[in-house]
1. Excluding ligands and nucleic acids, what accessible area in Å² is computed for TYR141 using a 1.4 Å probe, to the nearest 10?
2. Considering the options GLY80, LEU139, ALA25, tell which one lies farthest towards the positive end of the dipole of the chain, charges being +1 on Lys and Arg and -1 on Asp and Glu at the Cβ, about the Cα centre.
3. When we measure straight from the Cα of LYS156, which aspartates and glutamates land under 17 angstrom away, once same-chain ones fewer than 8 places off are left out?
4. Only helical DSSP H runs with n ≥ 4 go in: add -39500 (n - 2.57) per run for the chain, normalise by residue count and round the 222 nm mean residue ellipticity to 500 deg cm²/dmol.
5. Assigning unit charges at the beta carbon (Lys, Arg +1; Asp, Glu -1) and nothing else, what dipole magnitude in debye, to the nearest 20, does the chain show about its Cα centre?
6. With a 1.4 Å probe and every protein chain kept in, tell me what percent of the accessible surface of region 49-204 is carbon plus sulfur.
7. Rank ASN92, ASN157, ASN65 by mean-square fluctuation in a GNM of the chain with C-alpha springs under 10 angstrom and give only the top-ranked residue.
8. Can you classify region 130-171 as rounded, prolate or oblate using the Cα gyration tensor, where a ≥ b ≥ c are the square roots of its eigenvalues, rounded means a/c under 1.5, and otherwise it's prolate if a/b beats b/c and oblate if not?
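The values are calculated or read from the model by the stated rules, or taken from the named source; none is laboratory data. Since the model is a prediction, treat every value here as computed from it, not as a measurement. Counting neighbours? That spans all protein chains shown, and the Cβs are built from the backbone with ideal geometry, glycine included. For the accessible areas, the whole protein counts, side chains as well, though only heavy atoms, and no ligand, DNA or RNA atoms are used. Shrake-Rupley method; radii C 1.70, N 1.55, O 1.52, S 1.80 Å.
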Amino acid sequence: MNDNDIVARFFDSTIYIRRCSYNTAKTYSVYAQLFLTYLEDNNIKLNDVKLKHVIDFFKERKYQNTLTLHTAITSLISFGDYLYSMHLWDYNVIKQLDRPRCVNTFRTKYMSVEQIDCFLASIDPDTLCCIRDAALFELIYSSGLRCSEACNLEMKNLNLFSCWVKVIGKGSIERQVPFGSVAKAKLTRYLQIARPLILTGKSC
């Protein structure tokens, strides 16, 4: 099994067994590939990896950001667990590393109702793409969707009659969320007027 196969199977395992999100699995896979490339460049066999090699890997990359270093170590610990589960390692040597403590400096900011109303009112109601955008943003606002959930919406998961939409959230968890009458009206206008003209006969 070559490095590409290992990373691909690790990616699948992260999504389908650990039920992580696509973005998490992708991040973990990127660091796994970097680590395997480092081992190959330094003629280190996978089953000969020692803690020193792991430390040298991080020293070479010179992570300056604590959060990035924490993410990298977490990714490789997960990768090490996968290698152990596949009997490619006798134990997960990367677990011997201490992850730096991350201080969350982010503060969630919320828009006021007035700001949201102003934003929605600023969308030109007379162009095709803006009819689409108005429907999309109204649905996001009405249902509290994440950006990733909105981007992955499918027509088959939209129920205009009952005013609910099925979305796939983090960890591939499926849920149904309701939306209001304003979102229904804007979605109906988009589906009946704008969408057919935007697609111009193409399937989507």
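1. We get 100 Å² for TYR141.
2. Checked the options; the winner is LEU139.
3. Cα-Cα hits under 17 Å: GLU174.
4. Working: 9 runs with 109 residues, N = 204.
Dividing the helical sum by the residues of the chain leaves -16500 deg cm²/dmol.
5. Details: 26 positive and 20 negative charges, 77 e Å.
For the chain, the charge dipole is close to 360 debye.
6. Numbers: 5970 of 10550 Å².
Carbon and sulfur atoms account for 57 percent of the accessible area of region 49-204.
7. ASN65
8. Working: a/c = 1.64, a/b = 1.15, b/c = 1.43.
Oblate is the answer for region 130-171, as a/c is 1.5 or above yet b/c matches or exceeds a/b.
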